Amino acid sequence: MRAVTLPAQALAWLGRQGTRAVAISALLGLMLPQLSALFRPFVEEAIFVLLVLAFLRVEPSAVLAHIRRPWLLLSASLWMLVILPVGLGLVLRESGVLAGYPDLALAAFIVTAAPPIMSAPAFIALIGLDAALALALICITMLLTPLTAPLIGTFILGDVLPIDAPALALRLGLLLAASAGLAYALRRLTGGRRIAAAQAHIDGLNVLILFVFAVAVMDGVSARFQAAPLLTVGIAALTFAVALFQMGVTMLAFSASRRDQAFVVAHAAGNRNMGLIVAALGGSLPDLAWLYFGLAQLPIYLLPWLLGPLAARLRASQ
C-alpha cells in the first residue's frame with residue numbers, strides 16, 4: 001500500500017508547486033540535452049496526454065457555458081488567427097525583414113498563425129484562472145486553423161509555404177475527438193467527485209508531461225548555445241519579446257472584458273502551438289527558425305511563473 005501512497009503523494013506535491021515546477025522543468029530541459037533523443041519520439045504522445053488531462057480536469061459544463069456565449073471566443077479567435085498575424089506580416093514587409101531574413105519571417109509566421117498551446121488549460125489552472133475558457137479557445141482555434149493558416153502563410157511568405165489544409169484539418173479533428181472521448185470515458189469510469197478530488201494529482205501529471213515535452217523540443221539548443229552564444233541569447237530574448245508583445249496588445253484589445261478573462265485570452269495569444277505548424281510543414285525548418293522554435297519554449301514555461309502575481313491580483317479582483 002505504501003508503494004502506491006508515496007508516489008501519489010509525491011505527484012500531488014509536484015502539482016501543488018504549480019508554475020515553479022513548470023519553470024524548473026524548462027531549465028532542466030536545457031541542462032539535460034542527453035535526454036532529448038530519448039524523449040523526442042514521444043512529442044505527439046505528450047501533446048495528446050496534455051489535451052486529455054485538460055478535458056479531464058475541466059468540467060464539460062464549464063466549457064459548454066463559454067461556447068453558448070460565443071462572442072468572446074469568436075472575437076479572440078479572430079484576433080489571434082487573423083488580426084495579429086496580418087498585422088505582423090505588414091510590419092515584416094515594410095521593415096524589410098521578409099526580404100532580408102526569410103528564416104525569421106518563417107518563425108514569425110509560425111508563432112502568430114498557430115492556435116494556443118495544448119497545455120494552455122494546464123498553465124491557466126496552475127495559476128488559478130479559468131481553464132475552461134482556455135480549453136474552449138483551443139477547441140475553436142484548432143478547428144479554424146486549417147482554414148486560416150494557409151491563407152496567412154501565403155500572405156506573409158508567398159507561395160513557398162506548403163501547408164496541406166485538408167490533412168491538417170483531419171489531424172486536428174481526430175486529435176480533439178480522441179482526447180475528448182478518452183477524457184469522457186475516464187470521467188464516466190471514475191466519477192466527477194474522484195476527478196475533483198484528484199486535481200493536484202492531475203496537475204502533477206501535467207508538470208511531468210510538460211517536462212518531457214520541454215526536453216524533447218529543445219533538442220540541439222544547448223549545442224547551438226555553445227557554438228554561437230550571442231546569437232542564441234539574442235533569439236531567446238526575441239522569443240520573450242514576441243510573447244510579451246502579443247500578450248500586452250491582447251490585454252489592451254480585450255480591456256473591455258473581465259480582466260481575468262482578458263488575461264486568459266492574452267496568455268493564449270502569446271503562447272502558440274508552434275509544433276502543430278511545424279508538423280504541417282513536414283517537420284523541417286531552416287536552422288534559425290528551428291532555433292527560434294526550441295527557444296520559444298522558454299517564455300511558454302517561464303512566463304506563467306513570472307506573471308503569477310499579476311494573475312493572483314486579477315483573480316482576487318473578481
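We did not get these values from a lab; they are worked out from the coordinates using the rules stated. What you are looking at is a predicted structure, and each value in this text was computed from that prediction instead of being measured. Positions of Cβ are generated from backbone atoms using ideal geometry, with glycine treated the same way; all protein chains shown enter the neighbour counts.
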Apply the a/c threshold of 1.5 to the C-alpha gyration tensor of region 26-97 and tell me whether it is rounded, prolate or oblate. oblate
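For L230 and L176, FRET efficiency with R0 = 30 Å and r from the beta-carbon atoms, rounded to 0.05?
Numbers: r = 41 Å, r/R0 = 1.38.
It comes to 0.15.
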Rounded, prolate or oblate: which fits region 177-292 when a ≥ b ≥ c are the square roots of the eigenvalues of the alpha-carbon gyration tensor, with rounded for a/c under 1.5 and prolate only if a/b beats b/c? oblate
Enter the Cα centre distance for the pair region 32-83 and region 231-305, rounded to the nearest angstrom. 14
Could you work out how far apart the two model spin labels at L208 and E94 are, taking each label as a point 7 Å from the Cα in the direction of the beta carbon, and quote it in nm? 5.0
Normalised per residue, the volume inside the convex hull of the alpha-carbon atoms of region 45-160 in Å³ amounts to 117
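Mind checking region 172-276 for trypsin sites (Lys or Arg not before Pro) that DSSP puts in a loop (not H, G, I, E or B) and that have at most 15 other Cβ atoms within 10 Å? Present the calculation step by step, with values, prior to reporting the outcome.
Details: sites: R187, R188, R193, R194, R224, R258, R259, R272; in loops: R258.
Filter output for region 172-276: R258.
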Determine the gain in length on full extension of the stretch R40-S61; use 0.36 nm per residue of separation and subtract their C-alpha separation, reporting nm with one decimal. 4.1 nm
Grab the beta carbon distance between F245 and L306, set R0 = 22 Å, and tell me the FRET efficiency rounded to 0.05. 0.90
Which stretch or stretches of region 68-86 have amide N atoms under 20 Å from the point lying 7 Å from A256's Cα along the Cα→Cβ direction? 68-84
Would you calculate the separation in nanometres between label points at T154 and D103, each defined as 7 Å from the Cα along the Cα-to-beta-carbon direction? 2.8
